1. How about region 207-245: which of its residues are assigned to a helix (DSSP H, G or I), charged (D, E, K, R) and closer than 17 Å to Lys176 by Cβ?
2. Out of all the residues in region 302-312, is one or more of a type in the set (Asp, Glu), in a helix (DSSP H, G or I) and assigned by TED's automatic domain parsing to the domain that holds Leu270?
3. Based on what the data block shows, is Glu152 assigned by TED's automatic domain parsing to the domain that holds Gln127, among the charged types (D, E, K, R), more than 19 Å from Ile72 (Cα to Cα) and free of Cβ contacts under 8 Å to residues at least 60 places away in the same chain?
4. Mind checking which residues of region 1-42 are outside any helix (DSSP H, G or I), among the aliphatic types (A, V, I, L, M) and modelled with pLDDT of 90 or more?
5. Contact list please: Cβ distance under 6 Å, first residue in region 212-237 and surrounded by 18 or more Cβ atoms within 10 Å (Cβ to Cβ), second residue part of a loop (DSSP other than H, G, I, E, B) and among the aromatic types (Phe, Trp, Tyr), pairs at least six apart or on different chains.
6. Within region 63-76, which residues are in a loop (DSSP other than H, G, I, E, B) and of a type in the set (S, T, N, Q)?
7. Residues to consider are Tyr399, Tyr354, Tyr419; find the one that is of a type in the set (Phe, Trp, Tyr) and either under 32 Å from the mean Cα position of the chain (by Cα) or exposed (fewer than 10 other Cβ atoms within 10 Å of the Cβ) (or both).
8. Are there any pairs with C-beta distances below 8 angstrom linking a residue in region 113-136 that is closer than 16 Å to Ile57 by Cβ and in the same structural domain as Ala88 (by TED's automatic domain parsing) to a residue that is in a loop (DSSP other than H, G, I, E, B) and basic (Lys, Arg), with the two at least 6 apart or on different chains, and if so which?
Amino acid sequence: MADLFDKKREEILRREAPLADRMRPESLDDFYGQEEMVGPKSVLRLAIENDELFSMIFWGPPGSGKTTLARIIARMTRSVFEQISAVAAGIGELRAAVKKAEDRLKFQSQRTVLFVDEIHRWNKAQQDAFLPYVENGTITLIGATTENPSFEVISALLSRSRVYVLKRLEPEHIGKILKQALQDKKRGLGQYKVKIGKTALDLIIGASNGDARTALNAIEIAVKSTSPDKQGFRHIQKKTVEDALQHKWLMYDKKGEEHYNVISAFIKSLRGSSPDGALYWLARMIEAGENPRFIARRMVILASEDIGMADSRALLIANAAAQAVEFIGFPEAQLNLAHAAVYLAEASKSNASYVGILEARKDAKEQLNVPVPLHLRNAVTDLMKDLDYGKDYKYSHDYTPEEGKQEYLPEELKGKKYYQPKRK
């Protein structure tokens, strides 16, 4: 009787669960976006199909399928799936889960996959707590994190696990997931007669930023908040989608023209010493879900291209921001990007080193076979010495700047000036 009650309760929970939970794939064939990792003939897929379990850390952005993949692995290896969140759970919850796993293994010979969501939230002591149970096989740990596990997961745990990187889902994957949800009558929205135009659908796909959960939540809200017409059809409009997404979608396609327009506006604001313009365009990119690494890389380039020797600290600041993006992650790293953007905008500007390397490369291409002057060559054999390699070279430390003057360019380029800073 209790089993029947539990099954009925689970059925009700599944029916009332959000669309994103109901539509979780149940097999690897329906798991989109991570084909390199779990596609046919991949090492991980073969291990799963051969019932070989080992501890893993899944590192990837929100909505890329970390929880779903862990569930599929547990199902395919006939293991019990236990899930705890590092945000809410402490040592007590962990010990309770481990105790159940021990009893399950001892009395039922059944394995347990312990899925720890946001494992990076646990401190060293908490991560240490389940290390013995990973080592003795009581549990198979699958941890999920949006942060770099090299910084957030203890080395002892990393050495006993395999790290798999999940990619952000591409628009084509989000499109397939939404299409399934609209057609599935049992788990999805197939019981509704939905008509949604390409513009509205593309809006959801673009705004999801590769997050399947965001896309499914948006389509569910849009469908359920739209009243059917006399024929029973629900026509999903762009305005409804914008409301479902809770903000007006910024026109920004990371593979299209607007992507290049916005980054161009950002760089030109930095070059033109406008911190306000730089912060606005930076905010546009952040709100649109631009990859923070891309933004950081462009600032590192600008620090040398447009600021250069006018303020050499700019390169240090930009590089520090790029490292902060890797170390901290979003959303906190937006502070580091803003800090760097304001510094670069306010810094003095000089493109002399940039112009110089372009001019030098031009001459290098045209003068590829110009020999190195004898006094600049390195005499590493007696023959080279006999041929006057290194002869008359002045070792700079042995002379005053005036006495040590010598020509460092080939004869054909003698007197050429590549670096020409503007003196104030």
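1. Those that are assigned to a helix (DSSP H, G or I), charged (D, E, K, R) and closer than 17 Å to Lys176 by Cβ: Arg213, Glu220.
2. Yes, that holds for at least one residue.
3. yes
4. Met23
5. Val223/Tyr192; Arg234/Tyr192
6. Ser64
7. On inspection, the qualifying residue turns out to be Tyr354.
8. Sorted first by the residue in region 113-136, then by its partner, the pairs are Leu131/Arg160; Val134/Arg160; Glu135/Arg160.
The values are calculated or read from the model by the stated rules, or taken from the named source; none is laboratory data. Keep in mind the model is a prediction, meaning the values are calculated, not measured. All Cβ positions, even for glycine, are placed from backbone atoms using ideal geometry, and neighbour counts span all protein chains on display.
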